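Student: So that we are looking at the same thing, I have put the structure below in structure tokens.
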Amino acid sequence: MNITDPLEKSLASALDDAGIEYVHESEHGNHNNGLDFYLPKYGVYIEVKQYHSERVSEQMKRHEEVIVIQGKSAVNYFASLIKNNRSSL
């Protein structure tokens, strides 16, 4: 897997630590509909952004179940939630 974005790397690390299966957009090209992560067990997509952009609205239209995490602090907080609650996921 070739994740180059530092925010996506942080989230991928948390998902790995928690044992949560995911597909990153770098693995299967367009499988994720242009969204960063897909969690097959939950049927949820996750898009990670440093800053808001008009593109986010377009990306959210691609699937009904999308979590958008915007900003470094928000990604780090979300990652810590995943790591700290892995037994309940």
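The values are calculated or read from the model by the stated rules, or taken from the named source; none is laboratory data. Nothing here was measured: the structure is a model prediction, and the numbers come from that model. Positions of Cβ are generated from backbone atoms using ideal geometry, with glycine treated the same way; all protein chains shown enter the neighbour counts. Each accessible area value is taken on the protein alone, full model and side chains, heavy atoms only, with ligands, DNA and RNA left out. Shrake-Rupley method; radii C 1.70, N 1.55, O 1.52, S 1.80 Å.
Student: Quick one: in the range 14-71, of everything that is open to solvent by less than 20 Å² (accessible area, probe 1.4 Å) and acidic (Asp, Glu), which residue is farthest from Ile3 (Cα to Cα)?
Tutor: Among residues in the range 14-71 that are open to solvent by less than 20 Å² (accessible area, probe 1.4 Å) and acidic (Asp, Glu), the one farthest from Ile3 (Cα to Cα) is Glu47.
Student: Among the candidates Glu64, Glu8, single out the residue that is of a type in the set (Asp, Glu), free of Cβ contacts under 8 Å to residues at least 60 places away in the same chain and over 21 Å from Tyr77 (Cβ atoms).
Tutor: Going through Glu64, Glu8 in turn, the sole match is Glu64.
A quick yes/no check of all residues on (1) in a loop (DSSP other than H, G, I, E, B); (2) farther than 15 Å from Leu81 by Cβ:
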residue: Lys9; (1), (2): no, yes
residue: Ser13; (1), (2): no, no
residue: Ser26; (1), (2): yes, yes
residue: Glu47; (1), (2): no, yes
residue: His52; (1), (2): yes, yes
residue: Gln59; (1), (2): no, yes
